[in-house]
1. Among A:353, A:316, A:335, A:323, which is the only one that is over 20 Å from residue A:422 (Cβ atoms), assigned to a helix (DSSP H, G or I), of a type in the set (Gly, Ala, Ser) and within 14 Å of another protein chain (Cβ to nearest Cβ)?
2. Within segment B:122-145, count every residue that is in contact with a Phe, Trp or Tyr (Cβ under 7 Å, 6 or more places away or on another chain), under 18 Å from residue B:55 (Cβ atoms) and touching a residue at least 60 places away in the same chain (Cβ under 8 Å).
3. Scanning for something in a helix (DSSP H, G or I) and either under 30 Å from residue B:123 (Cβ atoms) or within 14 Å of another protein chain (Cβ to nearest Cβ) (or both), does segment A:364-387 turn up at least one residue?
4. Go through A:436, A:401 for me and flag whichever is within 13 Å of chain B (Cβ to nearest Cβ), assigned to a helix (DSSP H, G or I), touching a Lys or Arg at 6+ places or on another chain (Cβ under 9 Å) and not polar (S, T, N, Q).
5. Which members of segment B:189-215 meet the condition of being touching a residue at least 40 places away in the same chain (Cβ under 8 Å) and farther than 16 Å from residue B:74 by Cβ?
6. Could you tell me whether residue A:223 is modelled with pLDDT under 90, in the same structural domain as residue A:101 (by TED's automatic domain parsing) and either part of a helix (DSSP H, G or I) or buried (at least 23 other Cβ atoms within 10 Å of the Cβ) (or both)?
7. For segment A:729-751, does any single residue satisfy the condition of being assigned to a helix (DSSP H, G or I), facing another protein chain (nearest Cβ under 10 Å) and either within 21 Å of residue A:580 (Cα to Cα) or at pLDDT below 75 (or both)?
Amino acid sequence: MSRSIRTDVVIVGLLLCLVGLGTTASAAPRPPWEAAETVGDELFAAQTALLGDDTVAAIAHVEQARVAAVELDSLPPEPAALLDRALAAAGTAVQTGDGDALAGARGLARGAVYWGSYLAARAVTEQGDAETARQWLLVRDFRTSTRFSRPGADATLAIRDLTAENAADTVARLDADLLDTYQARLGEYLAVVASTSELRHRRAESAGLVAAYWRILAPAYIDQNGADIAEVTSAADHLLPALLAGDESATDEAVTTLQGVLDGFRAAPLAPAEQARRAGQLLRFLALVPIEYGRGVQGDKVLIDLEIQEAVTFMAGATAAFADLRLSLMEIDPALTATISEQMARVTTDLDAANRKTSVVPAETMTGAVAGITDGLKTLFPPEWLEVDTDADFDVVASVLDQVEAAVRAGDYKLAESARLEGYAIFDFGPEPRLLAFAPALVAEIDGLFWQGYNGRPGLAQAIALKGSPEEIAAIRAELDTALKQAQVTLGDLNSAPGAIISNAAIIVFREGLEAVVILAALMASMVGAYAGLRRPMVLGVVLALLATAVTWWIAQQVLSQLAHFGERLEAVVSLIAIGVLLLITNWFFHKTYWKDWIAGFHAQKRQLLSAETGQFLGLVVLGFTSMYREGFETVLFLQALALEAGPTIVLQGVALGAVAVLIVGLITFKLQARLPYKKMLVWTGVLIGVVLVTMVGKTVHVMQAVGWLGITPIKGLVLPYWAGLWFGLYATWQGIIAQLGAAAFVIGSYYLAEGMQNKRRKEIVRRPQTEHTTP
Amino acid sequence: MRRILACMILSGTLLLTACGGAPGQQTAAPTTAVPAAEADVDLAAVKNYALDHGRQMKEGTVALAASAKAYYDLLAGHNFDYEAAWAADPATLTDLVTTIKANWLTASTHYELDEGIIAGVPSLAYYDVWIDAGPSAEEDPAEALEWTLTLPDGRELQSPGNFFHSLLEPAIWGTHGDFSGLPVDLSGDGTVEMGEVLPDANLLLAAAQGLDGATQEMLTAVEAWQPTMSDAFTALVVMIPTMNEYFEQWKLSAFVAGENAEEHAFIGTSRLFDINGILNGLDFTYDSLAARVEATNPELHAQIDSGFADLRGYVGDLYSQEQGGTAFTAEQADLFGTEAQTKATALAGRVAQAAALLNVAIAE
């Protein structure tokens, strides 16, 4: 540096000191965040000036930074000392014209201020001083916003709610947010330091930040490991000098030491509930990967790019969840955790290759690889992580809905529909059963928004089928998000008091039991007199169904998660069998009725072949079984949610209560039914069976559409209220309405056919004696 | 009487229980409502702002499509022999290319002023990908939007990226070899410099008309948009933190790298101008939320307000210097980009705190 520059520097320095002293003496103290920003801005201005070879200006800016730093005199001693050290280093750097050293000093200064503000906020929070804590909390770093995460706000919310009574909890929330943030940022800055492709000033600034951020995390490390941190702190402190000296080997060594520490601990460990939530996300995202991949490839060729991209997205979600759990898993079994980590990396590589079409592994290979990971995780996970976690369900539903929107934007409505069905299936067998027990109105709204609409608002299925614009889909998505959020909040706030669980279980059993009573009453009404014996096989079917329901309960208790995957399909199959048998019985009912009434004199049918009677017997057993088991199966599924909430003992008390109520209503119904005049009962019974059949057909078509076995063609302009679907199986799709019309035509046609045949027969009977008479 | 009662019970029970209904329908649900924080915030100004610039952009795209058509007709008259056309009518072609550049700039400028909102609002973000930001399949097969541009001569470009920077700008300024017809001395100074080119007429016409159509669709979407506080906060948190990426594009563009530019785009206008435009839209958006934030946490509002002023002033100052003839080095661009990202990360973080305090969900 030349003599003239040195003289200028001295003069400028003296002037600034005077100005600074004057400023601090006369002006009202600024809030910490303003002073902190001034320190950072002035040091950056010094960097810019130095880059433009303006040393004098650079020195002046460093002095301004020192002046501003005086205002941060309430920082705790250690961070204050680190800040002084950083500013002194900045002073030296501008004197020697070393831009990289200045960048490093600036990083250290910023980090020191954040360290100090964290400690200050923590200290006043412990004292219950919300106002001062709020001031200090404004001086903090944030996680970088990414596709999967937004900057955390837990500390801000915790300080807002701070009282003298909850100070300890508030400190814990403050720690969780800020330590998580600083650890994430420390990892990012360490990566920049390690990257030789980054410019040196950026690496130097990051090295300064690393030295300060490590000090923020160090107490948590000592708490968790009880280890001596001198070596780590030394590595953090040596990073910047090594980098500035151009010693890449020493830099690497320090980075490795710090990286090893960061990989082995988490400053703000996840709460148990958060861990369970991440575990749920991980398994759900993983399950979706082979599904998407399988749809996207055939052999070694990519058929549908978007499916592969969805698989990549879900894998990224799984990887993020795994990263959050990795440390906990390592404590359980480090070898297996490492193996799973490698397996996940391999799957990610395979997906990336398929996405870029450089190589494509067969779908079966992908399925096998993911199954291997899933098996390993299930072995590793503690039992509580494997329990149903509805928050994870909501997370995955949101992610799948993202895929719906992405597919619509790409104009691929088929893919959007398949993603919609996936999202609905996750909701349907995840949160819905619990929600049904506690907030059925919300289920109605969410179901409607997933399908044909709700209260005049359009539904996703309808909008996709009509090729709605991305904005229309996004608007429905926004409504769904709101309803799903409300559902999540509702389930999170559940009052699991035993009384509430018992009454909800009783209501479910009573509700489903009544359905069975109606169907059985309708079917058995005609079985009187000579046909009373036909009740026996039906009752046998009902008893078998009750046993099957008990077995289903037991299975559901053992393998609920597996059952959930097949639940809707199983329901569709059982419903189809029920419809088939009901159609046969309806036909039989009309014909038999007329036979009985009008051809009572003919007893030929009494000599039916044994095989025919056997078939009739079996048919009635199956009818009794399917009519009852449909309800039993649904009841079991609904009750599982409550069983998870409160345990089977409490739920079974509700079941008993509901069963008694059903029994009473059933007895009254059958008693009253028996007193009705036979012909009127026949008419009512016929009508009831018809309505039950048509409703069952509508519901079954809807379930088949939900599992993707039937297409969905909405009826344009027709918006049916939710209750129409709920009570009568009426949904505004051509498939459902046509099937129901077909069922109605069958019932009515069967009636007229029976009547027509009867008329013809009667005429034949009337005519036969004459014919016989005239025959020679 | 009993008979009637029996019939009524049977019918009523059927109505109550018709197959497969939801159990517990009559249960009193202990639902917890998500508080709505929308009622007293008027976001109409944000929508009007977006519409205003959208309409001005549309005027630009209409003019661009018209000038591209005139250019196409002239070249068609020479059977797309660019050398013959240039030899026959250099003055008209120079005028047309100059007009085309001016129209592109008009459309682009107004889009940039809208970009913060269009790209940040989930229901509108599609248009940003299509019009301004999406990569081509060649650049990034994973992120490229699937669409096809059909040229008048029947050629089809699959997933060609966005209109402004993947198609039109490289064609008009000749930074993509396949999109230019012939390098020519448009300025008449005796040398063919960067940006002096006759664009491929087929590509230019298809892309200009496509952009005009896309702009109309975007405008329709903005007209239908009902802005919510969640939209506004999401736009801020999503769009503010992308400064590093923008500065990286600036560093690689002709404005910093000169003839060695790796970036095909941002030659017609500096990326700094775009960044300024985006921040302008976001600042406007924050203004409509400011009163609510201030009422909830005055210090946080002051910090956010100051953050916007700081970031806008910072970028604006750099742009003024660039316009004034300062040629920044790559190292300076990198330093400025790092600083802008630091400021942006902090600003987005503070906005996220405000959203949380107001109980407004930010879309993911």
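1. Details: A:316 fails: over 20 Å from residue A:422 (Cβ atoms); A:335 fails: within 14 Å of another protein chain (Cβ to nearest Cβ); A:323 fails: within 14 Å of another protein chain (Cβ to nearest Cβ).
Testing whether each residue is over 20 Å from residue A:422 (Cβ atoms), assigned to a helix (DSSP H, G or I), of a type in the set (Gly, Ala, Ser) and within 14 Å of another protein chain (Cβ to nearest Cβ) leaves just A:353.
2. Residues that pass the stated criteria total 2.
3. Let us first name the residues in segment A:364-387 that are in a helix (DSSP H, G or I), namely A:364-380, A:383-386.
Filter once more, so that each one left must be either under 30 Å from residue B:123 (Cβ atoms) or within 14 Å of another protein chain (Cβ to nearest Cβ) (or both): none.
Checked against the condition, which is being in a helix (DSSP H, G or I) and either under 30 Å from residue B:123 (Cβ atoms) or within 14 Å of another protein chain (Cβ to nearest Cβ) (or both), segment A:364-387 yields no hits at all.
4. On the way: A:436 fails: touching a Lys or Arg at 6+ places or on another chain (Cβ under 9 Å).
That would be A:401, the only listed residue that is within 13 Å of chain B (Cβ to nearest Cβ), assigned to a helix (DSSP H, G or I), touching a Lys or Arg at 6+ places or on another chain (Cβ under 9 Å) and not polar (S, T, N, Q).
5. Hits for segment B:189-215 are B:194, B:195, B:206, B:207, B:209, B:210, B:211, B:212, B:214, B:215.
6. Working: modelled with pLDDT under 90: yes; in the same structural domain as residue A:101 (by TED's automatic domain parsing): yes; either part of a helix (DSSP H, G or I) or buried (at least 23 other Cβ atoms within 10 Å of the Cβ) (or both): yes.
When the stated conditions are applied, residue A:223 passes them.
7. Residues of segment A:729-751 that are assigned to a helix (DSSP H, G or I), as a first pass: A:734-751.
Filter once more, keeping what is facing another protein chain (nearest Cβ under 10 Å): none.
No - not one qualifying residue is present in segment A:729-751.
Each row is one residue, and each column tells you yes or no for (1) in contact (Cβ under 8 Å) with a residue 12 or more places away in the chain; (2) in a helix (DSSP H, G or I); (3) outside the structural domain of residue A:106 (by TED's automatic domain parsing).
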position	(1), (2), (3)
A:131	no, yes, no
A:163	yes, no, no
A:170	yes, yes, no
A:209	yes, yes, no
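The values are calculated or read from the model by the stated rules, or taken from the named source; none is laboratory data. On a predicted model such as this, the values are computed, not experimentally measured, just so you know. Methodologically, a virtual Cβ is constructed for each residue, glycine included, from the backbone with ideal geometry; neighbour enumeration extends over all protein chains shown.
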